[in-house]
1. Can you tell which of GLN19, GLN96, GLN24 is in a loop (DSSP other than H, G, I, E, B) and surrounded by 12 or more Cβ atoms within 10 Å (Cβ to Cβ)?
2. Of the residues that make up the range 173-185, is at least one hydrophobic (A, V, I, L, M, F, W, C), part of a helix (DSSP H, G or I) and within 30 Å of HIS41 (Cα to Cα)?
3. Scanning for something farther than 20 Å from PHE49 by Cβ, outside any helix (DSSP H, G or I) and in contact with a helix residue (DSSP H, G or I) (Cβ under 9 Å, 6 or more places away or on another chain), does the range 103-122 turn up at least one residue?
4. Pick from ILE42, ILE58, ILE72, ILE110: which is modelled with pLDDT of 90 or more and farther than 15 Å from VAL170 by Cβ?
5. Just to verify a result, which residue in the range 40-94, among those that are over 22 Å from ALA105 (Cβ atoms) and in contact (Cβ under 8 Å) with a residue 60 or more places away in the chain, is farthest from the chain's Cα centre (by Cα)?
Amino acid sequence: MKRKAEMIKQMTDREIRQQLLLSQTIFLCIAIVLSLFFFPHIQKWFQLFQLNGQEILIFGVVPASLLVFFEIVLYYIVPDEWLDDGGINEKVFKNQSNLSIFIIALVVSISEEALFRGVLQTTFGLFFASVIFILLHVRYLTKPLLLVMISVTSFLIGFLFYMTENLLVVITFHFLVDFLLGLFIKFKK
């Protein structure tokens, strides 16, 4: 993790954005390709994207707002080293424009939720998709509090998808968490 953090610190903001967008593009492509194999028709996969404003508000916006509030409170009450991911999140968000943070959060939420909930959870179940999502966030695995936070978030997203079967709900949830925490990281002293 230290080596990865050092590599990230040496990268420019533009390089960070490019690498992040590249990895997320790969996730989205994997999601689309896997959906061709795991769904009888691609339309079945696209039916998981439902524009239901009430569901999005109740199961996406409200829980995301509560989670962000809880995480911000944690930043003020626990020692900094408990929440230190090697400076990676700070490097990703600190010097970005608000628009860049918005785009990063949007791309990440769409690509990751299309893959992890739209394909993996739909095909293999909530537990499998949530564990793979946690493992993807490898930089949190050596920090107990960060591991608990990403685990709770992953299983919560999986549960929300299980309840609604609506990818737009979990995309909204994931987007709001990343966007609001990205802004918090950018503006915190």
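The values are calculated or read from the model by the stated rules, or taken from the named source; none is laboratory data. Predicted model, so just to flag it, every value in this text is computed and none were measured. FYI the Cβ positions are ideal-geometry reconstructions off the backbone, even for glycines, and counts take in every protein chain you see.
1. Numbers: GLN19 fails: in a loop (DSSP other than H, G, I, E, B); GLN24 fails: in a loop (DSSP other than H, G, I, E, B).
Answer to the check: GLN96.
2. Taking the range 173-185 as the starting set, the residues that turn out to be hydrophobic (A, V, I, L, M, F, W, C) are 173, 175-177, 179-181, 183-185.
Narrowing further to those that are part of a helix (DSSP H, G or I): 173, 175-177, 179-181, 183-185.
When the remaining residues are screened for being within 30 Å of HIS41 (Cα to Cα), the result is 173, 175.
Scanning the range 173-185 turns up at least one residue that is hydrophobic (A, V, I, L, M, F, W, C), part of a helix (DSSP H, G or I) and within 30 Å of HIS41 (Cα to Cα).
3. Filtering the range 103-122 down to residues farther than 20 Å from PHE49 by Cβ leaves 104.
Next, from what is left, pick out any that are outside any helix (DSSP H, G or I): none.
No; the residues of the range 103-122 include none that is farther than 20 Å from PHE49 by Cβ, outside any helix (DSSP H, G or I) and in contact with a helix residue (DSSP H, G or I) (Cβ under 9 Å, 6 or more places away or on another chain).
4. Working: ILE42 fails: modelled with pLDDT of 90 or more; ILE58 fails: farther than 15 Å from VAL170 by Cβ; ILE110 fails: farther than 15 Å from VAL170 by Cβ.
Of ILE42, ILE58, ILE72, ILE110, the one residue that is modelled with pLDDT of 90 or more and farther than 15 Å from VAL170 by Cβ is ILE72.
5. VAL78
Matching residues to (1) in contact with a Ser or Thr (Cβ under 8 Å, 6 or more places away or on another chain); (2) more than 19 Å from PHE187 (Cα to Cα); (3) in a helix (DSSP H, G or I):
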| position | (1), (2), (3) |
| --- | --- |
| ILE30 | no, yes, yes |
| PRO40 | no, yes, no |
| TRP45 | yes, yes, yes |
| PHE49 | no, yes, no |
| GLN54 | no, yes, yes |
| PHE59 | yes, yes, yes |
| LEU66 | no, yes, yes |
| PHE70 | no, no, yes |
